[in-house]
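Have a look at the structure below, then the notes.
The values are calculated or read from the model by the stated rules, or taken from the named source; none is laboratory data. Keep in mind it's a predicted model, so treat the numbers as computed, not measured. For neighbour counting, all protein chains shown are included, and Cβ atoms are generated from backbone atoms with ideal geometry for every residue, glycine included. Please note that ligands, DNA and RNA were not included when accessible areas were found on the heavy atoms of the full protein model with its side chains. Shrake-Rupley method; radii C 1.70, N 1.55, O 1.52, S 1.80 Å.
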Amino acid sequence: MKYCRFQSDSGPQYGEIADRNGTLWIERLLPPPVEDPWTKLSDSAFTPMPLDQATLLAPVVPSKIVCIGRNYKEHAAELGNEVPKEPLLFLKTPSSVIAPRQPIHKPAISQRVDFEGELAVVIGKRCSKIGPDEDVRQYIRGYTIVNDVTARDLQKTDGQWSRAKGFDTFCPMGPIVTDEIDPDAGIQVQTRLNGELRQDGNTRDLIFPIAFLLRYITVAIMLYPGDLIPTGTPSGVAPMQPGDTVEVTIEGIGALSNPVIVG
């Protein structure tokens, strides 16, 4: 299934997405997931609409965002870092989440703010200490796109990454969630800056695959429905400036596009 979250006359709603001859449509409303008790399913009649005509919201309301650093060898190398021997975990703040087309604010206190296009796992079922023989797919609702925006200079000077990764607007997400892709089989992850291809990676090249990541994370951290696990970014990260547009595209999900403005 594919679904989105969008703004309607009745407030935020979730919608199931179907393909109509190559065009994605919101076909019907869905009950809100358990992690979003603030949204109520509209009792008004819903008329199907093309997805590209909807005002999209971030498709997930996560309680936490557990990210993976340096999970592609070439990305680790381009920043002069060694390939990690274990997954490198860090958190982004839920308040950093924005929707497709919403602006990324470049803060005045940072001289370099980079894009990092990533495939993200959406958790669908509470999980803790996932066993070595358990099928992790039962805990995965689907996948979406994240831009792990990073104040690179602050990341280096702070020594830890909370501020550099956690600014408001530093987690663009969307446009949809889908369970109809298989990252283990290889999914292309691309990022364009003002239309120019800058990142071009494939999930086959993840150092730590998704099943390993979920087992590793849940040894320490219980995951809840709606929690988000961005899986790392390919090489090619670069700075953005006000006036730029950054677009992350992942096959089977679509494109996440956001303008950059002064913070």
Hey, rough spin-label estimate for L197 and L91, points 7 angstrom out along Cα→Cβ, what's it come to in nanometres?
3.8 nm
Going 7 Å from the Cα of D133 toward and past its Cβ, which residues in the range 188-212 have a backbone nitrogen under 20 Å from where you end up?
211-212
Among E116, E86, E35, the residue with the largest mean-square fluctuation in a Gaussian network model of the chain built from Cα contacts under 10 Å is E86
If eta is 1.002 mPa s and T is 20 °C, what Stokes-Einstein diffusion coefficient results for the range 92-131, Kirkwood Rh from Cα pairs, in µm²/s?
154 µm²/s
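What number, rounded to the nearest 500 deg cm²/dmol, is the helix-based mean residue ellipticity at 222 nm of the chain, given -39500 (n - 2.57) per DSSP H run of at least four residues and division by all its residues?
Details: 4 runs with 29 residues, N = 263.
The helix contribution divided over the chain gives -3000 deg cm²/dmol.
Accessible area per residue of the chain at 1.4 Å probe, in Å²? Please list the in-between numbers first.
Values: 11750 Å² over 263 residues.
So the chain comes to 45 Å² accessible per residue, rounded to a whole number.
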If you stretched the chain out fully between T55 and Q111, how much longer would it get, using 0.36 nm times the residue separation minus the C-alpha to C-alpha distance?
17.0 nm
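Please report the carbon-and-sulfur percent of the accessible area for the chain; probe 1.4 Å, protein heavy atoms only, DNA, RNA and ligands left out.
On the way: 5980 of 11750 Å².
After summing per-atom areas, the C and S share lands at 51 percent.
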When you take every Cα atom in the range 186-235, what is the radius of gyration, and what is Dmax, the widest Cα pair distance, in Å?
13.7, 41
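Return the inverse of the average 1/r over all pairs of distinct C-alpha atoms in the range 66-106, which is the Kirkwood hydrodynamic radius, in Å to one decimal. Walk me through the numbers before you get to the answer.
Working: mean 1/r = 0.0808 Å⁻¹.
One over the average 1/r among Cα pairs gives 12.4 Å for the range 66-106.
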Principal axis box of the range 76-167, alpha-carbon based, largest edge first, Å:
46, 34, 20
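Tell me whether the range 3-78 comes out rounded, prolate or oblate; compute the Cα gyration tensor, take square roots of the eigenvalues as a ≥ b ≥ c, and use a/c under 1.5 as the rounded threshold.
Numbers: a/c = 3.39, a/b = 1.68, b/c = 2.02.
Note, shape of the range 3-78 comes out oblate.
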Once the principal axes of the Cα atoms of the range 203-263 are found, what is the range along each, listed largest first in whole angstroms?
42, 27, 22
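Taking Cα pairs under 8 Å and at least six residues apart, what relative contact order does the range 30-125 come out at, in percent?
Numbers: 60 pairs, mean separation 23.9, N = 96.
With pairs under 8 Å counted, the relative contact order is 25 percent.
Give me the percent relative contact order of the chain, please, defined on Cα pairs under 8 angstrom at least 6 residues apart.
Relative contact order comes out at 25 percent.
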Two-decimal log10 I(q)/I(0) for the range 2-42, as the Debye equation yields it once each C-alpha is a single scatterer, q = 0.18, 0.34 Å⁻¹:
-0.49, -1.20
Suppose every K and R has +1 on its Cβ and every D and E has -1 on its Cβ; what is the size of the dipole of the range 135-263 about the Cα centre, in Debye to the nearest 20?
340 debye
Taking one equal scatterer on every alpha-carbon of the range 1-141, how large is log10 of I(q)/I(0) by Debye at q = 0.13, 0.14, 0.17 1/Å?
-0.81, -0.91, -1.16
Springs between alpha-carbon pairs under 10 angstrom, Gaussian network model over the chain: which of Q160, Q102, Q190 fluctuates most?
Q160
How much of the pair distance distribution for the range 126-263 lies past 19 Å, counting alpha-carbon pairs only, in percent?
56 percent
Rg and Dmax of the chain, Cα atoms, in Å?
17.7, 55
Check the straight Cα-Cα distances from K40 and name the lysines below 26 Å, setting aside those fewer than 8 residues away within the same chain.
K2, K64, K125
